[in-house]
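Here is the structure we will look at.
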Ligand code: ARG
């Protein structure tokens, strides 16, 4: 009888390479490796594909999902101005659900009983994988080798690998754990685990140092949006994907887009995280600036709460969940008239909005101006304030009557 199949999310790194053998030894299955291209830098994916076969995978596949990642996942994140804890643009959290989608598709194609991932037991990513898989196919069983095996140290892992002929890294391992994709880079571990230590400058690859090698002259860019999505740069029509790349370069050379934060992981631990997200932060800055102009006040205010919840859900592994989908519906509706231009200035670590315009602008010069073009009804303000302040006036009178005037 043919063996059961396990589809493994494969990165080419030590953990998932060792996992190929470990899974075969512990579960009597064939392992199908799949590497998902979400725009990681520095990776030769054909090499990664071959490596899985050399180690013992029965099949090995690479899928390039960058276009879908941009159009489906990053588009939603931008419309939601998604920032977990008002800071982190969800770099890793956004890539996991698309990886999950391809893992489950592959599992169905080869009638796999299991899906495996290389996450540890301490992070958010295990949750994102496993809840995501459950949402797309609740019958698939998960194997999490790195959480289950007793290879406590990297040395033990290297030894395990060497004994089985699994190629081990010959260069000294980076002290950092790095995860990256088109939306930016996440850097953890090493000296960064001391929240008092300033991040060493060599961890950054996308951004120049704003006190050192960043540009000495300011630069401007005009981003054009249509229904919440960037469609042109300096009047040249380019894809959203290309705009992300160009914004990573432009903001990066001005040293904009570094985040150093203490973050609350879902599993209850606080961790120190460094993110490098020049393009993502630039686009969110611009998108918000256009929304300020185009969204009616109540929608804008309500959306702020929705954005926070959306980011929290996605961070917590709930991309495929009914509430997240319902919020997508709300957000999509708000974007119908978010079209127009935003002008940004980059200089020495900053990205500042310096102009915005839209055919759907709700900014009315005649209402806003203090000069003679003013059409605002000043008389109406008095009656408005009387009624708006009425409950407070009633309350103040009561307090005076009971002799508690002025106390809080
Ligand atoms: N803390 C971030 C998150 O949960 C980044 C995780 C990055 N993973 C990594 N292996 N460095 O989304």
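What follows draws every value from the coordinates through simple rules; no lab data is involved. Everything numeric here is computed off the predicted structure, so don't read it as measured data.
If you bin every alpha carbon distance in the stretch 1-64 into 10 Å steps from zero, what whole percent lands in each bin?
23, 55, 18, 3, 0
Provide Rg over Rh for the stretch 360-408; use the alpha carbon set for both Rg and the Kirkwood Rh (inverse mean inverse pair distance).
That ratio is 1.29, to two decimals.
Does anyone have the angle between helix 125-136 and the longest principal axis of the chain? Alpha-carbon axes, 0 to 90°, nearest 10?
Orientation of helix 125-136: about 90 degrees from the principal axis.
Dividing the convex hull volume of the Cα atoms of the stretch 183-248 by its residue count, what figure in Å³ per residue is obtained?
Spelled out: Cα convex hull of the stretch 183-248, divided by residues, is 129 Å³.
Working from Cα positions, state the angle (0 to 90°, nearest 10) between the long axis of helix 390-401 and the longest principal axis of the chain.
In the chain, helix 390-401 runs at an angle near 70 degrees to the longest axis.
Only bridges whose two residues both fall in the chain count here: according to DSSP, what percent of them are antiparallel, nearest 5?
On the way: 36 of 54 bridges.
Within the chain, antiparallel bridges account for around 65 percent of the total.
Would you mind computing Rg(Cα) / (2.2 N^0.38 Å) for the stretch 305-344, counting N as its residues?
Rounded to two decimals, the normalised Rg is 1.40.
Restricting the calculation to Cα positions, tell me the Rg (one decimal) and the Dmax (whole number) of the stretch 110-159 in Å.
Rg then Dmax for the stretch 110-159, in Å: 12.6, 37.
Considering Cα pairs under 8 angstrom that are at least six residues apart, work out the relative contact order of the stretch 286-408 and quote it in whole percent.
Values: 91 pairs, mean separation 30.7, N = 123.
Relative contact order, the stretch 286-408: 25 percent.
Given the rule -39500 (n - 2.57) for each run of at least 4 DSSP H residues, summed and divided by the residues of the chain, what is its mean residue ellipticity at 222 nm, to the nearest 500 deg cm²/dmol?
Helices in the chain give a 222 nm mean residue ellipticity of -12500 deg cm²/dmol.
Using only the alpha-carbon atoms, how far is helix 297-315 inclined from the longest principal axis of the chain? Give it as 0 to 90 degrees, nearest 10.
20
Roughly how many Å is it from the Cα centre of the stretch 360-400 to that of the stretch 82-157, as a whole number?
Cα centres, the stretch 360-400 to the stretch 82-157: 53 Å.
At q = 0.10 Å⁻¹, work out log10 I(q)/I(0) for the chain with the Debye formula, treating every Cα as an identical point scatterer and leaving solvent out; two decimals please.
Log10 I(q)/I(0), no solvent term: -0.77.
Equivalent-ellipsoid semi-axes (√(5λ), Cα gyration tensor) for the stretch 333-381, whole Å, largest first? Write out the running numbers ahead of the final one.
Working: eigenvalues 167, 63, 17 Å².
Gyration-tensor ellipsoid for the stretch 333-381: 29, 18, 9 Å.
What value in Å³ per residue do you get for the convex hull of the alpha-carbon atoms in the stretch 134-189?
167
Report the equivalent ellipsoid semi-axes for the stretch 123-220 in whole Å, largest first, defined as the square roots of five times the eigenvalues of the gyration tensor built from alpha carbon atoms.
Over the Cα atoms of the stretch 123-220, the ellipsoid semi-axes are 34, 23, 13 Å.
Taking the stretch 213-308 on its own, what percent of its Cα-Cα pair distances exceed 17 Å?
Values: 2815 of 4560 pairs.
So the pairs more than 17 Å apart make up 62 percent of the total in the stretch 213-308.
I need two numbers for the stretch 324-408: Rg to one decimal and Dmax as a whole number, Cα atoms only, in Å.
Cα only, the stretch 324-408: 22.4, 59 Å (Rg, Dmax).
I'd like the projected area of the stretch 266-354, averaged over all directions, using the convex hull of its alpha carbons. Report it in nm² with one decimal.
Average of the hull's projected areas for the stretch 266-354 equals 7.6 nm².
Taking only Cα atoms and a 10 Å spring cutoff, compute GNM fluctuations for the chain and point out the largest among 87, 172, 270.
Of 87, 172, 270, the most mobile in the Gaussian network model is 172.
Output the Kirkwood hydrodynamic radius of the stretch 92-179, Cα pairs only, in Å rounded to one decimal.
It is 14.7 Å.
Can you tell me which of 380, 235, 57 moves the most in a GNM of the chain? Springs connect C-alpha atoms under 10 Å apart.
Greatest mean-square fluctuation among the candidates belongs to 380.
Could you work out the relative contact order of the chain? I mean the mean sequence separation of Cα pairs under 8 Å and 6+ apart, divided by the number of residues, in percent.
With pairs under 8 Å counted, the relative contact order is 17 percent.
Let me see the pair-distance distribution of the stretch 282-334: every alpha carbon pair, 10 Å bin width, integer percents in order.
23, 52, 25, 1
Just 84, 347, 370 to compare: in a GNM of the chain, with alpha carbon springs under 10 Å, which one fluctuates most?
Looking only at 84, 347, 370, the biggest GNM fluctuation is shown by 370.
Across all directions of projection, what mean area in square nanometres is found for the Cα convex hull of the stretch 1-109?
8.2
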